[in-house]
Structures are given as structure tokens and as C-alpha cells.
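Remarks on the structure that follows.
The values are calculated or read from the model by the stated rules, or taken from the named source; none is laboratory data. Here the structure is a predicted model, which is why all the values come from computation and not from measurement. Cβ placement follows ideal geometry from the backbone for every residue including glycine, while neighbour counts extend to all protein chains displayed. Note: areas computed on protein heavy atoms with side chains; ligands, DNA, RNA excluded. Shrake-Rupley method; radii C 1.70, N 1.55, O 1.52, S 1.80 Å.
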There are 2 protein chains.
Amino acid sequence: MDYFESVVQNLDNEFNKLFRGKEPKNLYEAMSYSVLAGGKRLRPVLLIAACECFGGDINYAMPFAVAVELIHTYSLIHDDLPAMDNDDLRRGKPTNHIVYGEAMAILAGDGLLNMAYEIMSHFCAENDEIKYVNAMKEIAAAAGANGMVGGQAVDILSEGIEISGDVLEYIHKHKTASMICASLAAGAIVGGADPGDVERFRKVGNLIGFAFQVQDDILDYKGDEIKVGKSLGGDERNKKTTYISLHGIDKATADFEKDFNCAIEILRKVKNTENLIEIVKNVLHRDK
Amino acid sequence: MDYFESVVQNLDNEFNKLFRGKEPKNLYEAMSYSVLAGGKRLRPVLLIAACECFGGDINYAMPFAVAVELIHTYSLIHDDLPAMDNDDLRRGKPTNHIVYGEAMAILAGDGLLNMAYEIMSHFCAENDEIKYVNAMKEIAAAAGANGMVGGQAVDILSEGIEISGDVLEYIHKHKTASMICASLAAGAIVGGADPGDVERFRKVGNLIGFAFQVQDDILDYKGDEIKVGKSLGGDERNKKTTYISLHGIDKATADFEKDFNCAIEILRKVKNTENLIEIVKNVLHRDK
């Protein structure tokens, strides 16, 4: 079992414990349905790997790793709602509202978002170190209206219309990259990284978050069956404008390479980043 | 201007600053619409008054006060959605989804819930004292699936059917009382109360939260025009079962009196609670 897989197994053990025997049953069942439906667990794996680069203990990273995945999952449940993207399937399974109804899906999303903060604030109260509060702050700033929620709002408002390169960049940066960026930064903070390395990890997060989306457009364009963006719960917008429609396939490919190489270069400047580099290569299908 | 009004004015100044000049504009406009639509500001006023009982500074209570009102407002926006209570009007104005559409209303709610945690975690990071983290933890525990979201879920599942007294109590306790309880406890914690007084304030929160709802049923029964529950953003469920249908008007009135008196009695045992007692009397229409 490689590093990625072993971290995912650790995470899944945590997720399984979260919902067991809790009341109200229907609500917790709806919440657990989407969390336990699988997915790459990219954000929490990045968070844990980032923490370990600085010698941090996985047990102290775990509450934050769980939180970023709960936040990611709530956003997928709400994105899939009829009023939003109106998706019936996610990862090959019926979406939350198809199984539990719209009202319960809205509440399941609300419950998961709140649970993320419950877990983090509980951990911060039990472990009185300012770095943990800083990690939570990093995640909260990325998840909200200045981050992921803002990206989703602009995406919804752009549906079916031509948008500029700036707007497309805004959507990618906020809807997808901001939580990836926060996962890396929060992991580094929990691990005890100095502010310079935290900032380096933020940059890496932005680069790979953007690279994902461009790669998704490239794979779409090439008709490739490996839908990276989808498996990451990334951009499934009703695309009229894509990076390729704006810039062409050659520039898109070159920009993807540039961002990927730049991210790896930054990571190589920080010690003990071997596992993290493997994960980034794996996720961007550059592991061969 | 009495104490209540002066605190509300302070709060409104804070709310006005929250959304100004922020992007994405449409999202922040939808968020601000419901926050600035008015309301009694009961929860934040209770939080600030509780803090002041223990000599706490209002400036340190303010971020938590703002947070509980943002959480309350997000819950109203989501509760009003077509898939939930399907309300077109709230406080005499069109509800959020009527003005901004369902998708933006869902995101405005998500944005407000997240903003509450952003504000609290930012404050906790700037003011490194464990009591602030404990106040945030208190609020997070009350807002989620074990608290308000759980109460709303059971309410939705009980719609249009006869329910037992236990289920009705569960709904009132979780949907309404839990955030009132957390507001009082968090205020006390920020003010520096000892654990005994924090627990007393939790008890008071449960008593007055429950008393509100019983009073709402009583006013409904009497056909009174003062709809306390509505103005508090409280229980607007499609009621088949009420406290009165279960127990009769005489027991309901007696229980309301008992809870009210019990809350006041507990508060009188704590020093400097005069303003807080006035607020409780005022809200429960026992100020004359």
C-alpha cells in the first residue's frame, strides 16, 4: 500500500466513526451517505501530507483533514441540488437529494458544514495552541463568500453565457483552488511550518488547483475518458467558456505544464516533501 | 434609549460594515439583504448582556454576537426555501429566494454560516485566549446536527403528522432553544464567568427558549395578534401538534409561568444581571 492509500484508509476510519449511532437518524444518514460515497479524498490527503513535511503528527492534522473533506462534501451536496446544477448522479450514485429529498439534502449540507467547525473548534479548545486556531482560520477564509462559496456564486451567475478570461480564472481560483490552497496551508501550519513555507504551500495550492481545471478542459477536449475534474468534485459547470475556447489547446497545454512544473519546483525547495510531490504527480496524472 | 435599543444600535453598525464593497457583489447583496432586514436581534443581545453581567467588554463579545445572528439568519433563509417551509414573506418582506432566486439564496445561507465562523476564528487567532475558543465551540455545538439543524430536520420530518410530546419538545429544544442557550453561555464565557455560572446561563437559555415556543402557541390559541414566535424567527412549522393540543391551555399557561419564573430566579442568583433580566421580561412580554 502506498502513502496515498494508507492516508485514505486512516481517513476512512475517521469518517466511519463520525456518524455512528447519532440522532436524528435520518439527518445523520443523509450526511453520512455523501461523505461515505467515496471520492479521492484529495484535500485531506494534501493536508496530512503537508503536515508531515514539517514533522507534524498525523493525529493533530486529522481533525482539520476531516473538516476540509466535510466542507468539500457539503459543497457537492448543495451544488447538485435542482436549483443549482441539478445533478442526479455523483460518483455513479444517486445524489443526496435524489435519495433523501431536497429538504434533507439542504440540511445534510448545513449539518456537514457546521460539523466541520464543531470538530475544529472542539480540537482547538482541547489543544490550546494558537497554530490550530490559525489552521481553522485558514480553512474558514477559503470556504466562504471570499472563497469557495464566492466561486460557486459567480459560476451560477455565468451559466450558459460567454465569460471573459478573468471571470473564468475567478471561478477556478475560488471554487476549486481556494480549498486546495487552504488544505496545504493548514497542514503546513499544524505541522509547525514557518510563515515562509506556509506561503510557499499556498502558492503550490493555487498552481495545482488551477492546473486541475485546465487539465480537465484538456481531457474534455481530447475526449479522454479520464475525467480528472469530475473525480475531484471539481468544475462540472455548464461550460460555454473554457480555458481552451479562450486560449486554444496549445496554450492550455503549455500553461498546464508550466503550473505543474512550477508547483513541483517550489515543493522541491522545501525539505521532506517527497510524499507530497508524489501525491501531486499522481493527481495530475504525471506519475509515470 | 434603553439598554436593549442601545445594544441593537451597536449591532446594526457592525452588520452594516460586514458587506460593504465586497465581491462577488450579487452574493454579498443576497447575504446582506436578509441580515439587514431587521428582526429583534434577540440572540446577539442576550450574548452581549450575558457578557456584561461578568464585567466583560462589549467589544470582545461583538464578534460572537455578530456570529450568532449570522447563523440565525442563514437558518431562516434556508428554512424559507421552497423545498423547506416555502415562505414568500419574512418580516413583511419578500424572502431571500423570492428576490435573488433559489440558487443564490442557498449560497447566501452557506456564505453567512461560513462568515460566522470566519469572524470567530479570525478573532480567536488575534486574541489568543482559550475562553474565546470555548465560546466558539459552544456556538458550533448548538448550531449543527446535534442542535439547530437537527431540530429543523425533525420538524421537516414531522410536517403534517401527529407527533408525541417528546418529539415536540425535541423540536423546540433544538430548533430554537439551543442557539438561545449557546448565546447566553458564550456571552458568559467571553465575560469570564466561572463554569457554574456558565451552566446556570445554559439552563436559563433552555427555559426561555422553551417558554417562547409555548407562549407562541398560547398567543396563537388566543388569536392574539402579537406573534412572538414569528418575530423571533421561531417556530413557523405547519403545526398539527402544539403544546396546547397535547396538554391543554391551562397546563400550557402554567408551564410558561413556571419556566419564566424559574429563569428569572436563576438569573437573580447571579450578580449584575439586572439588564439581562429586563431583556428576558421584555421578550416574554412580562415587562409591564
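Among the residues of segment B:129-172, what is the count of those that are of a type in the set (D, E, K, R), in contact with an Asp or Glu (Cβ under 9 Å, 6 or more places away or on another chain) and under 22 Å from A:ALA116 (Cβ atoms)? Residues in segment B:129-172 being of a type in the set (D, E, K, R), in contact with an Asp or Glu (Cβ under 9 Å, 6 or more places away or on another chain) and under 22 Å from A:ALA116 (Cβ atoms): 1 in total. Of the set (1) open to solvent by 10 Å² or more (accessible area, probe 1.4 Å); (2) free of Cβ contacts under 8 Å to residues at least 24 places away in the same chain, all apply to B:ASN114 but (1).
So which residues in segment B:88-97 are more than 13 Å from chain A (Cβ to nearest Cβ), open to solvent by 10 Å² or more (accessible area, probe 1.4 Å) and modelled with pLDDT of 95 or more, if there are any at all? Talk me through it step by step, then tell me what you get.
If we filter segment B:88-97 for residues that are more than 13 Å from chain A (Cβ to nearest Cβ), which is where we start, we get B:88-95.
Narrowing further to those that are open to solvent by 10 Å² or more (accessible area, probe 1.4 Å): B:88-94.
Correct list: B:ASP88, B:LEU89, B:LYS93, B:PRO94.
Could you check, for segment A:34-56, whether at least one of its residues is within 14 Å of another protein chain (Cβ to nearest Cβ), touching a Phe, Trp or Tyr at 6+ places or on another chain (Cβ under 6 Å) and in contact (Cβ under 8 Å) with a residue 60 or more places away in the chain? Yes, the conditions are met somewhere in segment A:34-56.
How many of the residues making up segment B:119-136 are surrounded by 24 or more Cβ atoms within 10 Å (Cβ to Cβ) and within 7 Å of another protein chain (Cβ to nearest Cβ)? Number of matching residues: 4.
Considering only segment A:210-268, give the helices (runs of 4 or more DSSP H) lying wholly within it that have at least 3 residues that are under 26 Å from A:THR73 (Cβ atoms) and at pLDDT below 65. The helices (runs of 4 or more DSSP H) meeting that bar are A:228-231.
Among the residues in segment A:48-58, are any open to solvent by 40 Å² or more (accessible area, probe 1.4 Å), aromatic (Phe, Trp, Tyr) and either in a helix (DSSP H, G or I) or within 15 Å of A:LEU112 (Cα to Cα) (or both)? So far as segment A:48-58 goes, no, none of its residues is open to solvent by 40 Å² or more (accessible area, probe 1.4 Å), aromatic (Phe, Trp, Tyr) and either in a helix (DSSP H, G or I) or within 15 Å of A:LEU112 (Cα to Cα) (or both).
Only one residue in B:ARG43, B:ARG90 is among the basic types (Lys, Arg) and closer than 25 Å to B:ALA188 by Cα. Which one? Before you say what the answer is, go through the steps one by one.
On the way: B:ARG90 fails: closer than 25 Å to B:ALA188 by Cα.
Answer to the selection: B:ARG43.
Of the candidates B:LEU18, B:LEU27, B:LEU36, the single residue that is open to solvent by 60 Å² or more (accessible area, probe 1.4 Å) and at pLDDT 95 or above is B:LEU36.
Mind checking whether some residue in segment A:21-31 is over 28 Å from B:GLN152 (Cα atoms), in a helix (DSSP H, G or I) and not hydroxyl-bearing (Ser, Thr, Tyr)?
The first filter runs over segment A:21-31 and keeps only residues over 28 Å from B:GLN152 (Cα atoms), leaving none.
Checked segment A:21-31: no residue is over 28 Å from B:GLN152 (Cα atoms), in a helix (DSSP H, G or I) and not hydroxyl-bearing (Ser, Thr, Tyr).
Residues in segment A:130-151: is at least one touching a residue at least 40 places away in the same chain (Cβ under 8 Å) and more than 20 Å from the chain's Cα centre (by Cα)? Yes, some residue in segment A:130-151 is touching a residue at least 40 places away in the same chain (Cβ under 8 Å) and more than 20 Å from the chain's Cα centre (by Cα). Residues in segment A:139-172 that are more than 9 Å from every other protein chain (Cβ to nearest Cβ), in contact with a helix residue (DSSP H, G or I) (Cβ under 7 Å, 6 or more places away or on another chain) and open to solvent by 20 Å² or more (accessible area, probe 1.4 Å): 2 in all.
Residues in segment A:15-29: is at least one within 22 Å of A:ALA135 (Cα to Cα) and either of a type in the set (Val, Ile, Thr) or in contact with a Lys or Arg (Cβ under 6 Å, 6 or more places away or on another chain) (or both)? Give the steps one after another, and end with the answer.
So in segment A:15-29, the residues within 22 Å of A:ALA135 (Cα to Cα) come out as A:15, A:18.
Subset that is either of a type in the set (Val, Ile, Thr) or in contact with a Lys or Arg (Cβ under 6 Å, 6 or more places away or on another chain) (or both): none.
Checking segment A:15-29: not a single residue is within 22 Å of A:ALA135 (Cα to Cα) and either of a type in the set (Val, Ile, Thr) or in contact with a Lys or Arg (Cβ under 6 Å, 6 or more places away or on another chain) (or both).
In segment A:145-159, which residue that is of a type outside the set (A, V, I, L, M) and under 16 Å from A:ASP79 (Cβ atoms) is modelled with the lowest pLDDT? Once the filter is applied, the top-ranked residue is A:GLU159.
Regarding B:GLY109, is this residue in contact (Cβ under 8 Å) with a residue 24 or more places away in the chain, surrounded by 24 or more Cβ atoms within 10 Å (Cβ to Cβ), within 8 Å of chain A (Cβ to nearest Cβ) and more than 18 Å from B:ILE180 (Cα to Cα)? Walk me through it before giving the result.
Values: in contact (Cβ under 8 Å) with a residue 24 or more places away in the chain: yes; surrounded by 24 or more Cβ atoms within 10 Å (Cβ to Cβ): yes; within 8 Å of chain A (Cβ to nearest Cβ): yes; more than 18 Å from B:ILE180 (Cα to Cα): yes.
Considered against the rule, which asks whether it is in contact (Cβ under 8 Å) with a residue 24 or more places away in the chain, surrounded by 24 or more Cβ atoms within 10 Å (Cβ to Cβ), within 8 Å of chain A (Cβ to nearest Cβ) and more than 18 Å from B:ILE180 (Cα to Cα), B:GLY109 comes out as yes.
Quick one: is A:LYS175 among the basic types (Lys, Arg), open to solvent by less than 30 Å² (accessible area, probe 1.4 Å), within 23 Å of B:GLU118 (Cα to Cα) and touching a residue at least 40 places away in the same chain (Cβ under 8 Å)? When the stated conditions are applied, A:LYS175 passes them. The set of residues in segment A:59-83 that are within 10 Å of another protein chain (Cβ to nearest Cβ) and surrounded by 19 or more Cβ atoms within 10 Å (Cβ to Cβ) comprises A:ILE71, A:TYR74, A:SER75, A:HIS78, A:ASP79, A:LEU81, A:ALA83.
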